[in-house]
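Working notes, beginning with the structure itself.
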Amino acid sequence: MSYETLDYQVQDGILTLTLNRPDRMNAFNGLMRRELIAAFDAADADDAVRVIVVTGAGRAFCAGADLEKGGDTFNRHKRADQPEGDDLRDGGGTVSLRIYESTKPVIGAFNGAAVGVGVTMTLPMDIRLASTKAKFGFVFARRGITMEACSSWFLPRLVGPMQAAEWVFTGRVFDAEEALKGGLVRSLHEPDELMPAAYKLAREIADNTSGMSAMLNRQLLWRMMAADHPMEAHIVDSRAIAFMGESADAQEGVQSFLEKRAPEFKLRPSQDKPPFYPWWDERKFR
């Protein structure tokens, strides 16, 4: 599939997904929304993709919603592109929920400004790295709107309710150092060192781990954050460890360790899912 707002490149197990509207600072629009969902669908279906790295073209990661419609930008009655189904569904939220459902680990590499939906849609990504030149802003109150893209669920879980409240209530733009201190990003890198750092992390995952293990571990980590009791985790991870424990990947993982060689895992996340997956409800977030 070809994309107008994205660049989709797979090499040696790593998908680099680049937001590609540099003339508009990669501003988010309806086409980008649809293409991001399609890109994550494609990545899930492709067992050659082990890890996804998301970044931006040019000097920004994503400057937020494209404001070309002026004051009517956020008026749902005047937008041509609406998510199918419920007329009230927020477009950025459909992207966040799709990333949340990803079967592959997702690394965000902030090469520049990430504001509004440009940062909120990255909250379901697993690990975020930033350039020292990056800037961030949950600017909704300054635009007369509210949090979106499921950020009211993700942000306080990632950075804590007090830090989330400060950033959201003030709506101010802040620098990469504050993002690191507040727990929004894992590490800072000079601009020319950002992507090598992201690829080094992605390479460690792609070269050394079972794709099936990564898929199950990713969903266990995210979904258990909302569990009411650790027994919920015990029930599900008991099924997961039983399934994986008798799999060819478990045998290979142990044997490769004993033989001091790189593993060659065979289970395919697109086709070899365990019978209990998905263990959560079957609503489809599209």
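Under a no-solvent Debye model with one identical scatterer per Cα of the range 118-177, what's log10 I(q)/I(0) at q = 0.13, 0.21, 0.27 Å⁻¹? Log-scaled intensity ratios, in q order: -0.31, -0.85, -1.37. Remark: the range 209-286 is approximated by an ellipsoid whose semi-axes, taken from the C-alpha gyration tensor as √(5λ), come to 26, 14, 11 Å, largest first. Among LYS260, LYS135, LYS181, which one moves the most in a GNM of the chain with springs linking Cα atoms closer than 10 Å? For the chain, modelled as a Gaussian network with Cα springs under 10 Å, the answer is LYS260. With R₀ fixed at 35 Å, the C-beta to C-beta distance from ASP7 to ARG239 puts the FRET efficiency at about 0.35.
Taking chymotrypsin sites (Phe, Trp or Tyr not before Pro) as exposed when their DSSP state is a loop state and no more than 16 other Cβ atoms lie within 10 Å, the longest site-free interval of the chain runs over 1-275.
Less than 5 angstrom separates the built amide H of GLY56 from those of LEU19, ASN111, all sequence-distant by 5 or more or on a different chain. With only Cα atoms counted, the range 158-227 has Rg and Dmax values of 15.9, 43 Å. Principal axis extents of the C-alpha atoms in the chain (largest first, rounded to whole Å): 61, 41, 41. Each part gets one Cα centre, and for the range 106-124 versus the range 239-253 those centres are 34 Å apart. Cβ crowding within 10 Å, taken as a proxy for footprinting-reagent exposure, orders HIS189, HIS234 from fewest neighbours to most as HIS234, HIS189.
Every read-out reported here was derived from the displayed coordinates using simple, explicitly stated rules and does not represent laboratory data. Worth saying up front: this structure is predicted, and the values here are computed from it rather than measured. Glycine also receives a Cβ, built like all others from the backbone with ideal geometry; neighbour counts cover every protein chain displayed.
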